[in-house]
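A short worksheet on the structure shown next.
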Amino acid sequence: MIRILLIDDHPIISKGIQEMFRGRRDGVCLTCHTDTVDNAIRKFGEDRFNLVLLDLFLGSNSDPIDNIRRIKEAYPHSPVVIFSTESREIWKIKTLSAGADGYIEKVADAREIKQVLSGITQAFAERKKNAESATGRSPDKISVTKSDLILSDGQLEILRLMRKGCQQKEIAVLMDMKLSGVEKSLRQMREKLRVGTTIELVVKCIKIGLLP
């Protein structure tokens, strides 16, 4: 059973999520809800939930990245999933790099949200199990050999530009490359680092130290 702590300060969105997860249908239920990270940490322990669904922007004075880090520190045994109307890839990279375990856009329907949450919960449990059986090594490093870490200067520059929020077409212009060349390079890096998406590629390179 996935038991959710929802941290969201938008009344309409919060009400919709509460209705979506009312009861225990499809193995997902909402057990806790509050509107700030401070309230969550003060009120709720991990015995009440096993997944945190966190709105990206909580008030004008709230720092999204700091919120993720505080939640991860307070609740180390629960995956943290960002739930936001923000669709730009730069925010997905920033939040996943900061420690979030997943990212869902608020335009997703109930079925999709439940499927994603289920997948993230299973993946989080598997990573935790692998980390515990790998004598403390980071799960991100377990499946990557030394030769996998070697990327060309050009490939690293593509990743640096993506981390800044540049789109592939912009990168092609800035690096005087064809768009197909950028796409090919990203595909080769995804295969080399054994990830499925470009966002996962950038995040993994940050975590294993290839990108500062």
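Odds and ends about this structure:
- Enumeration of residues in segment 173-191 that are surrounded by fewer than 16 Cβ atoms within 10 Å (Cβ to Cβ) and among the hydroxyl-bearing types (Ser, Thr, Tyr): SER180
- All positions within segment 49-69 that are assigned to a loop (DSSP other than H, G, I, E, B) and either touching a Leu at 6+ places or on another chain (Cβ under 7 Å) or hydrophobic (A, V, I, L, M, F, W, C) (or both): PHE49, LEU56, PHE57, LEU58
- Criterion: over 18 Å from PHE124 (Cβ atoms) and among the β-branched types (Val, Ile, Thr) - qualifying residue of THR31, THR85: THR85
- Scanning segment 137-159 for residues that are part of a helix (DSSP H, G or I), modelled with pLDDT under 90 and either closer than 18 Å to LYS94 by Cβ or among the β-branched types (Val, Ile, Thr) (or both) turns up ASP140, ILE142.
- Residues that are under 15 Å from SER97 (Cα atoms), assigned to a helix (DSSP H, G or I) and not charged (D, E, K, R), drawn from segment 162-212: MET162, THR198, ILE199, LEU201, VAL202, VAL203, CYS205, ILE206
- Hits in segment 19-29 (condition: under 20 Å from PRO79 (Cβ atoms) and over 20 Å from the mean Cα position of the chain (by Cα)): MET20, PHE21, ARG24, ASP26, GLY27, CYS29
- Assessment of segment 172-185 against the conditions (closer than 14 Å to ILE93 by Cβ, of a type in the set (Ser, Thr, Tyr) and not assigned by TED's automatic domain parsing to the domain that holds THR95) yields no matching residue.
- Qualifying positions in segment 107-118 - surrounded by 15 or more Cβ atoms within 10 Å (Cβ to Cβ) and either of a type in the set (Lys, Arg) or touching a Cys at 6+ places or on another chain (Cβ under 6 Å) (or both): LYS114
- Residues within segment 70-106 that are in a helix (DSSP H, G or I) and loosely packed, with under 15 Cβ neighbours inside 10 Å, tallied: 1
- Qualifying residue in segment 7-28 (condition: under 24 Å from ILE199 (Cα atoms) and touching a Lys or Arg at 6+ places or on another chain (Cβ under 8 Å)): no
The values are calculated or read from the model by the stated rules, or taken from the named source; none is laboratory data. Given the structure is predicted, the values throughout are model-derived calculations rather than measurements. Glycine also receives a Cβ, built like all others from the backbone with ideal geometry; neighbour counts cover every protein chain displayed.
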